[in-house]
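Okay, structure first, notes after.
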Amino acid sequence: MTRAGLLAGLLALTAACDHVGGSPSAAVPQDGLFTGLRKALATRSGVHPVLPRYAALLSAGASGQIVYVEEKQAYDLSLLEQVASDGTHSWLTQDGSLFALRDGLLLATRGLGADIMSSDAQESLALLRAGQAGTARRFVTELDGNFGTRLTTYMCQVAPEEEVTLELGEGAVPTQLMSETCHGSALSFMNLYWVDRRSREIRQSRQFAGRLVGMVAFREVPDSVTRGMQQTLAAGRQSTALAAGRQSTDSL
């Protein structure tokens, strides 16, 4: 099987095992995963209101990464809001949702509904860093819909798949595509990670974000993207102020 065929097969398999007993989310090929990014961000930043917390991060030049929620086919530019002492990075979206990742692995969500409250995926991370196949346990605590939580243990198979070159802001990045296929008592899912072959850092991923949300893709963006958003926001504020000034003058 060719590399392209292997990747297509992986993504097709992912679509089949996202949700047990529900509609599987559509798998999006890696090459087309972010094709609508520029248009989507321009639309959101130009029309939708921006939370003060988000605007402050944008003005401060916070790092950004793209979030793509497959079920909603929705893009957003999340900004790094906080780095905890344990290395967990909290990323804020324009609508106030939060994604917490450590070393590229999604650990928790907030504001999405049926949120993941916490996760332990250290065994999977060790295999990803080593580029090795193996079995790992994943522990996930989710909201259960009845003001409580449920803890689910997943048994996961981590496997290296193929080498893929990503075009990021810094240029071509050689990565190794790795899969993590997890089975729990009620559902199964497959996470995909594009791991930098030089640093072993996760540069792009497609990860399970809970029963309600499904699969979410993450990809880092160059600083020029956040600077462009900052300029768009500043221009929008200036236009709003000018319009308000004209309205007050017209009423005199």
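Sort all Cα-Cα distances of the range 74-123 into consecutive 5 angstrom bins from zero, then give the percent of pairs in each bin up to the one containing the longest distance.
Calculated over all Cα pairs of the range 74-123, the distribution is 5, 21, 31, 26, 13, 4, 0 percent.
If I stretch the segment between residue 51 and residue 122 completely, what's the gain in nm (0.36 nm per residue apart, minus their alpha carbon distance), one decimal?
The residue 51-residue 122 span can extend by a further 22.2 nm.
Per-residue HN-Hα couplings for the range 105-110, Karplus 6.51 cos²θ - 1.76 cosθ + 1.60 at θ = phi - 60°, whole Hz, x for Gly and Pro?
Couplings: 8, 6, 10, 7, 9, 9 Hz.
Suppose the chain between residue 103 and residue 201 were pulled fully straight at 0.36 nm per residue; how much longer would it get relative to their current alpha carbon spacing?
Extending this stretch completely gives an extra 34.6 nm.
Provide 155, 178 ordered by accessible surface of protein heavy atoms (probe 1.4 Å), highest first.
So the residues, ranked largest to smallest area, are 155, 178.
For the range 62-218, build the charge dipole from Cβ charges (+1 Lys, Arg; -1 Asp, Glu) around the Cα centre, then report which of 140, 111, 164 sits farthest towards its positive end.
Going by the charge dipole, the pick is 140.
The values are calculated or read from the model by the stated rules, or taken from the named source; none is laboratory data. Every value quoted in this text rests on a predicted model; they were computed, and no experiment measured them. Reconstructed Cβ throughout: ideal geometry from the backbone, glycine too, with neighbour counts over all protein chains shown. Just so you know, the surface numbers come from the protein's heavy atoms only, side chains and all, with ligands and any DNA or RNA stripped out. Shrake-Rupley method; radii C 1.70, N 1.55, O 1.52, S 1.80 Å.
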